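To start, the structure itself, in structure tokens.
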Amino acid sequence: MSNQSVRLDSVAETQMKKRITVEFIENFLIVWDANEGSELYKMGYYGKPLGIPKPKMAIFNTPLILDLMEGLYLAESKIIEVTEKSKSKKLGLVELRKRARKLYDNFDLKYAVYRDLKANNFIVTPGIKYGCDFAVYKHGPGREHAPFMVTVKKSGEVMTATEIVKAGRLATTVRKRFIVAVPGIETKKIEYLIFKWFKA
């Protein structure tokens, strides 16, 4: 992975005049304004337009659904502010992180990898349909198939041979590279282990 620090959406971030308001509903964040949702999607392929599984265009007339991890990232970047109508209040970063930790196993490790990938100009989306943590793009969904499947593991955690073979078979089937990301506990450095498969 590259060590460059320029984010894909850095230019777009500086063009934002005000924060976009999103609503927290059942562990997701909803951008009700379609124009603002389209703007976020164009900025870095954030979220999924409701009812449009694979958007062909970055402009749509439907709410945008953000997951909590990308929502926290956008809130930290001062692009969105999160409200909760049921309690008529704004949710700050501490509360968002607290809720994310309840939703994701090993959230802090996964979020460290998410931020590192974003900082290195990659497009990062949830990888649940591939059985991994993240599907990672160079150019974005709709423009290419995600070339990388990324799974996050703790330093020292054991992966069985069966897990590696299963992940490798899946990655080969969907034509992706299988990567294990291992955040360092003390160094904060993230190691990326990329698997290559060869036919005997």
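What follows draws every value from the coordinates through simple rules; no lab data is involved. Since the model is a prediction, treat every value here as computed from it, not as a measurement. Backbone-built Cβ (ideal geometry, glycine too); neighbour counts: all protein chains shown.
Ranked by the mean number of other Cβ atoms within 10 Å per residue, highest first, peptides 91-99, 153-161, 43-51 order as 43-51, 91-99, 153-161.
Which pairs break 21 Å Cα to Cα here: 78/98; 42/153; 56/138; 166/196? Table pairs above 21 Å Cα-Cα are 42/153. Potential lengthening of the chain between residue 158 and residue 89 amounts to 20.6 nm, from the contour at 0.36 nm per residue minus the alpha-carbon distance. When the Kirkwood radius is taken over all Cα pairs of the range 93-142, what Stokes-Einstein diffusion coefficient follows at 4 °C and 1.567 mPa s, in µm²/s? Estimated diffusion coefficient is 110 µm²/s.
When Rg and the Kirkwood Rh are both derived from Cα coordinates, the Rg/Rh ratio for the range 106-200 amounts to 0.96. Once Rg and the Kirkwood radius are both taken over the C-alpha atoms of the range 22-174, their ratio Rg/Rh works out to 0.98. Once the chain from residue 19 to residue 42 is taken as fully extended at 0.36 nm per residue, the excess over their C-alpha distance is 6.7 nm. The length gained on full extension between residue 28 and residue 101, counted as 0.36 nm times the residue separation minus their Cα-Cα distance, comes to 24.9 nm.
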